Every structure is written in structure tokens, then in C-alpha cells.
1. Measuring from centroid to centroid over Cα atoms, what is the spacing of segment 52-75 and segment 22-36 in Å?
2. Which residues in segment 96-119 place their backbone N less than 18 Å from a point set 7 Å from the Cα of ASN29 along the Cα-to-Cβ direction?
3. How big is the Rg/Rh ratio for the chain, C-alpha atoms only, Rh by Kirkwood, two decimals?
4. Straight-line reach from LYS38: which lysines have a Cα under 23 Å away, not including same-chain ones fewer than 8 places off?
5. Can you compute the charge dipole magnitude of segment 3-118 about its Cα centre, using +1 on each Lys and Arg Cβ and -1 on each Asp and Glu Cβ, nothing else charged? Give it in debye, rounded to the nearest 20.
6. Please sort through the DSSP H helices of the chain and keep those with an alpha-carbon extent of at least 24 Å along the long axis and a Kyte-Doolittle average not below 0.0.
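Where a number appears in this text, it was derived from the coordinates with a stated rule and is not lab data. From a predicted model like this one, the values you see are computed outputs, not experimental measurements. Counting neighbours? That spans all protein chains shown, and the Cβs are built from the backbone with ideal geometry, glycine included.
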Amino acid sequence: MSKEVTFSIIKPNAVKKGVIGNIIEQFENAGLKIAAAKLTVISRKKCEEFYAEHKERPFFGELVDFMTSGPVVLMALSGEGAVLKNREIMGATDPKKAAPGTIRAKHGDSVGENAVHGSG
Ligand code: GDP
């Protein structure tokens, strides 16, 4: 495996719950480094562009409302096989189906409010 960089977002529900530190700890414990990070509120326009692939899905409006509802943490994670590793640490989209110990199993509230985003 080679060194990769992948994009991650700690979503508004997780920031509100005060679990930024716990989530970052899970990434770091798995050998991923936080190469860049920024706490910010995403604009509606940027959010709609980012999730453009889901534009026709019935939950698109709900997704944009949620992702712009409060601060998020944007991060670049780097490390060996970072894309796959990030997916494993996050767990399945639906927290009820996510493997025990994954971020979404621990901190996700619903399929929409699932604590983290991972690209790739
Ligand atoms: P991911 O790659 O695991 O994040 O999953 P997807 O690319 O399929 O979906 C992107 C995001 O859309 C998910 O992380 C959820 O926040 C949201 N999403 C997916 N399915 C649903 C749904 O049925 N309802 C709502 N409200 N949001 C959803």
C-alpha cells in the first residue's frame, strides 16, 4: 500500500456533541495523521456543489440543511492506505449497520446525521 491523503469531515451533530477529540483520537490510533484541519460553517452553495452527485436523491435538501446547520471540521488525513483505512474507521453509512467500535456506530444518530464524511 502507498501513502495517500483523503478528505474527512466531522459533521455538525458530532461537533455539537463535543466528540471532535474522540474522533481525531480514533484516526490517530489507527495510524492516520491530521495533515490539515479547519473548523468552519459550510455555505449552502458550497455544500450543494460538494454533494452534487446526490442532487436527485429525495434526501438532498435534508442533507444540505443538516451539513450547513452548524460548524464542521474539515480535515486532510494522511497515511498508508488512508482512503480504505478511513472507510473502515468510519463504518457503514447507517450507524445501525456500522461495525461496533467504528465512529458512526459510536457517534452517529441516524443515516443522515452519521457523524463523519469520508471521500474516496
Ligand atoms: P457515505 O459515503 O457513507 O457517506 O454515503 P453516501 O455517499 O451514500 O451518502 C452521502 C451522505 O448522504 C451520507 O453520509 C448521509 O449523511 C446522507 N444520506 C445517505 N442516505 C441518506 C438517507 O436515506 N437520508 C438522509 N437524510 N441522508 C442520507
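1. What the calculation gives is 24 Å, centre to centre.
2. Of the residues in segment 96-119, 98-108, 115-116 have backbone N under 18 Å from the label point off ASN29.
3. 0.95
4. In chain and number order, the partners are LYS3, LYS11, LYS16, LYS17, LYS46, LYS85, LYS106.
5. With only Lys, Arg, Asp and Glu charged at Cβ, the dipole is about 140 debye.
6. None clear 24 Å together with a mean of 0.0.
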